[in-house]
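The values are calculated or read from the model by the stated rules, or taken from the named source; none is laboratory data. A quick note: this is a predicted structure, and the numbers were derived from the prediction, not measured. Here Cβ is always computed from backbone atoms with ideal geometry, including for glycine, and neighbour counts include all displayed protein chains. Just the protein is used for accessible areas: all its heavy atoms, side chains included, with ligands, DNA and RNA removed. Shrake-Rupley method; radii C 1.70, N 1.55, O 1.52, S 1.80 Å.
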Amino acid sequence: MINDKVLAYCKNTRFFMGFLVVITRAERWVRCMLFFCVAASYPAAAASSATGEGGTESAIFNDAHFHLTNYIQQGISADRYFEIVGDRVGRVAMFGIPLQQKWDYFVTGDRNPDYYLRSDAALYYYSYVDAAIAMEYQSLSDSLKRRVDPMITGFNPTDMYAADHIRRVLLTFPGVFTGIGEFSVHKEFVSAKVAGHTASLSNPALDRIFEAVAEIGLVAIMHCDIDTVRQGEHPVHYDNILRLLAAHPDASVIWAHTGLGRFIAPAAQHLALLDQMLDDPRYDHVMLDISWDLVARYVVRDADATKAWARLIEKHSTRFLFGTDSVAPVNWDAYAATHTMYNPLWQRLSANTRAMVERLNYERIFDTAKARVRVWESRQ
């Protein structure tokens, strides 16, 4: 019985997830064999597949950064998302927003704010978002589920219990989540609005989160501005970001937007600092996403900027991921706006590098994380 399953698995690694579910306690010794089989077979599988697990051959890109809901927990359904994108997107990292904008009558009266810049009232962490995303995922057909990597976001990164929340969500919804995030540490205007302590790169609660990420095998998407709104000679947060990342070499991390934001424009040395980090083997576990239309504007603002970004991405082609950072889009044009804005960049990249950034890096990172998380869940 066991041998038949092992043989079937080794012939096709796509059976891995379902196989783990039916392993009995008497067969626990098989798990190690399966884990190493995944590691050995994955590179060949990735090289031969243009879309990865559950993707579509006609996909334009995989989306490493998509918000199903907004700052008041409203949005679209997962089914509606696939009605919008069809087969034009292969895979998607799907999550909500962990913060809820408070509707404070004594601040905005009868006007209900739907964005954090439309009210002076506080933001607070909204843990129900994880259950909402899990239920949206579970409502999908099996074929669509294979194209989604749900992410846990409803934790407070200043809370020493945040890591426990992550474990609890995984065990409440086994077989669902692939990673955590997008969660924010330093974010322009947002950080100051969050009720309670401000998230910090030096808070040991964040270390506990990354320890859990490494232990479980999750992939973490972290938003942390590289600098403050008023730029100085050296980005304020860069050194502490590197310290945190170097302290957790076994945690798979995606640094969202390369540290840029609405009011955090790339400084003169921004690309040099990214290049320095990517050259350093201490940060081999770190990826960068170029999601968000605001980031795209920085990249394609002129020919010189686009050329410089293309040169960096070509040099480190395995380290960049495309994401839309779209929030509850109403149609394809709104959803794909960031990808369209990047056309000048796509035209400068080689075909191989473009494929890595748009699709293949996603498949490598998220397929590896998904397999590791399912193993961790099966052991609990």
P(r) histogram, all alpha-carbon pairs of the range 214-348 included - 5 Å bins from 0, percent: 2, 10, 19, 23, 21, 14, 8, 3, 0
Carbon and sulfur %, accessible surface of the range 264-380 computed with the full protein complex present, 1.4 Å: 49
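Taking square-rooted eigenvalues a ≥ b ≥ c of the alpha carbon gyration tensor, is the range 301-380 rounded, prolate or oblate, where a/c under 1.5 means rounded and, failing that, a/b exceeding b/c means prolate?
oblate
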D_trans [Stokes-Einstein, Kirkwood Rh over alpha-carbon pairs] for the range 172-217, 10 °C, 1.306 mPa s, µm² s⁻¹: 127
Per residue, in Å², the accessible surface of the range 208-247 once ligands and nucleic acids are set aside, probe 1.4 Å: 39
Using a Förster distance of 41 Å, the FRET efficiency for HIS285-TYR105 (Cβ separation, nearest 0.05): 0.35
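For the pair ARG146 and GLN231, what calculated FRET efficiency results from E = 1/(1 + (r/R0)^6), where r is the Cβ-Cβ distance and R0 = 35 Å, to the nearest 0.05?
Working from the Cβ atoms, E equals 0.20.
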With every protein chain in place, the range 82-133: carbon and sulfur % of accessible area (1.4 Å): 50
Residues whose placed amide H lies under 5 Å from that of LEU321, excluding near-sequence neighbours: LEU288, ASP289, ILE290
Residue-span extension gain [MET135 to TRP332] - 0.36 nm each, minus C-alpha spacing: 68.6 nm
Sites GLU57 and LYS307, calculated FRET efficiency, Cβ-Cβ separation with R0 45 Å, nearest 0.05: 0.90
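Using the heavy atoms of the protein chains and a 1.4 angstrom probe, tell me the accessible area per residue for the range 311-371 in square angstrom.
Per residue, the range 311-371 has an accessible area of 37 Å².
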Distant-in-sequence amide H partners of SER252 (H built 1.01 Å from N, under 5 Å): ALA220
Packing-based order for 148-157, 72-81, using average beta carbon neighbours within 10 Å, highest first: 148-157, 72-81
Dimensions in Å of the range 78-138 - Rg and Dmax from alpha carbons: 15.5, 46
Point-to-point label distance, ARG243-ARG167, nm (Cα→Cβ direction, 7 Å offset): 2.7
Heavy-atom accessible area per residue - the range 56-193, 1.4 Å, Å²: 41
Fraction of accessible area attributable to carbon and sulfur, the range 170-219 (%, probe 1.4 Å): 56
Fraction in percent of alpha-carbon pairs per bin - 10 Å, the range 135-281: 11, 38, 32, 16, 3, 0
Rounded to 5, percent antiparallel among DSSP beta bridges of the range 66-200: 35
Amide H within-cut-off set for HIS237, under 5 Å, with H built and near neighbours excluded: ASP227, THR228
